[in-house]
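In what follows, a structure is listed as structure tokens, so that the remarks can point back to it.
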Amino acid sequence: MKINAIVFGATGMVGEGVLMEALKHEQVESMLVIGRRSCKVSHPKLKEIIHHDFYNFSSLKDQLKGYNACFFCLGVSSVGMKEAEYTHITYDLTMHVAATLSKLNPDMTFCYVSGDGTDSTEHGRLMWARVKGKTENDLSNLPFKAIYLFRPGLMKPMKGQKNVKAIFKIVAWPYLLLKFLFPNRVCKLQEVGLAMIRVSLDGFPKRVLGNRDITSIAKMSN
């Protein structure tokens, strides 16, 4: 089996890292990046579509067919946002994309990046965690072949990345110490990409994947 995947969020840090890892993986046959602006990557495996309305994919339906994986890495910070605004961007947009893809590609494995601390109960104090939790819960009800909910914490970026937030640049140099002190809170972005590829190929018994799971699954790819 070869992976033919759609990637959302390739102009952000997580999506960029996942794309970099996927393009060099021998079991990945093709990648389709959907974005509002170009990811500025050229590769024989890569096709890119610039699309501005993520709440309407009617014009792209034929181009979205024939894929067996989706790596959904799109996300925004909740800082300064009201809950309704954050919900519209995080929940509504994600569910529209996922619902569209589940109809077009029922054999697809959908990998969604939420984050460490996501609240599956939907009733916690943190607004972003509640919204992410609801998104995870409702994604799980869609008719995909499989869905995996990635909850990375602090991530060590990959060498050569351009879209890296300041806090993650700081993580890079003391990574081994942080991994030793907080093994449940950190992982490598390379491991996120490898884990997405591995669960898309072989599946995994757990749906919700924390930092330890991500690291463990990534090692299976070596």
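Structure above, values below:
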{"item": "Global form of the chain, assessed from the alpha-carbon gyration tensor, a/c cut-off 1.5", "result": "rounded"}
{"item": "Alpha-carbon centroid distance for the pair region 67-146 / region 1-58, whole angstrom", "result": "18 Å"}
{"item": "Whether region 1-91 is rounded, prolate or oblate, judged on the alpha carbon gyration tensor where a/c under 1.5 counts as rounded", "result": "prolate"}
{"item": "Accessible surface, the chain, averaged per residue in Å² (probe 1.4 Å)", "result": "49 Å²"}
{"item": "Inter-site label distance for Tyr55 and Asp107 at 7 Å from Cα along Cβ, in nm", "result": "3.4 nm"}
{"item": "Solvent-accessible area of Lys206 with every protein chain in place, 1.4 Å probe, in Å² to the nearest 10", "result": "90 Å²"}
{"item": "Heavy atoms of Met13: accessible area, 1.4 Å probe, square angstrom to 10", "result": "20 Å²"}
{"item": "Note, ³J(HN,Hα) from phi for region 12-27, Karplus 6.51, -1.76, 1.60, rounded to Hz, x at Gly and Pro", "result": "x, 5, 5, x, 4, x, 4, 4, 4, 5, 5, 5, 9, 7, 5, 9"}
{"item": "Percent carbon-and-sulfur accessible area, region 107-149, ignoring ligands, DNA and RNA, probe 1.4 Å", "result": "49 percent"}
{"item": "Fluctuation leader among Leu201, Leu181, Leu154 - the chain, Gaussian network, Cα springs under 10 angstrom", "result": "Leu181"}
{"item": "Too-long pairs where the Cα-Cα distance tops 27 Å, listed order kept, from Lys47/Lys82; Lys40/Lys132; Lys40/Lys82; Lys61/Lys165; Lys45/Lys179; Lys2/Lys219", "result": "Lys47/Lys82; Lys40/Lys132; Lys40/Lys82; Lys61/Lys165; Lys45/Lys179"}
{"item": "For region 115-167: rounded, prolate or oblate by the Cα gyration tensor [a/c cutoff 1.5]", "result": "oblate"}
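The values are calculated or read from the model by the stated rules, or taken from the named source; none is laboratory data. All of these numbers come straight from a predicted model, not from anything done at the bench. Glycine gets a Cβ as well: all are built from the backbone with ideal geometry, and neighbour counts include every protein chain shown. Surface areas here come from the heavy atoms of the whole protein model, side chains and all, with no ligands, DNA or RNA. Shrake-Rupley method; radii C 1.70, N 1.55, O 1.52, S 1.80 Å.
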